[in-house]
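Single-structure report; data block below.
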């Protein structure tokens, strides 16, 4: 294993946001008094998820203080285990399994797709710094080889064509290759968000989400738009008065202000708050 070094450019500070802090406190509370340091791996994972899939040194120092343990011990854990990323990998992190079962079933074609859609080299950020890919060891889905993982989601039984379709659906947002029509829709969504709470948004807002989804999936009809549990409550209350283009569902892994478009050929995860900032 090659030597793992932290990124040269580091943020000056880090602290858990409210949701991460709540999760961290919940995990630490499960350990006996005096054994809280055993939660270090879980807290590093929480920090990584919060910080766009990588752990800066400031986060390690924060966790060391949070658990009342020496910083060097947190550093040793973070630099030893390869599931912790020590430099930016982008908001969307693609891991392609190339262990024997996947390789026999054509994992090299998945690698080709990543090179075409993301970047030519492993651990190299895409042109807009929001995505990267790498080859990894077994991800435990050998029965459905070849496969890849994007953030926390598994994609199995793949070939190059399917992989390109998945990456294309996401890369409209990952690589900034959004056609002008989609860009206009995103800006419209962002303008609706300005100064408005999610639970106060009117039905037309969700119809615009569906229109953005349509630009991703084309003419496909079997499409589901997943929302966080809290946001789903809002749209569920509106369904009696509004005809939506697609099915809406809730997904525990989504945060407020995020939605995920899923069809047979395409997938994309979009953050409404990111739209607001970019718009």
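Kindly provide the set of residues from the stretch 142-162 that are on the phi > 0 side of the Ramachandran plot and over 17 Å from the mean Cα position of the chain (by Cα), ordered by number. Break it down stepwise before answering.
Quick first cut of the stretch 142-162, residues on the phi > 0 side of the Ramachandran plot only: 151, 157.
Within the stretch 142-162, just 157 meets the criteria.
Every residue, every condition in (1) within 20 Å of the chain's Cα centre (by Cα); (2) in the same structural domain as residue 163 (by TED's automatic domain parsing); (3) not in a loop (DSSP other than H, G, I, E, B), yes or no:
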{"site": "109", "(1), (2), (3)": "no, yes, yes"}
{"site": "114", "(1), (2), (3)": "yes, yes, yes"}
{"site": "119", "(1), (2), (3)": "yes, yes, no"}
{"site": "125", "(1), (2), (3)": "yes, yes, no"}
{"site": "132", "(1), (2), (3)": "yes, yes, yes"}
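The values are calculated or read from the model by the stated rules, or taken from the named source; none is laboratory data. A quick note: this is a predicted structure, and the numbers were derived from the prediction, not measured.
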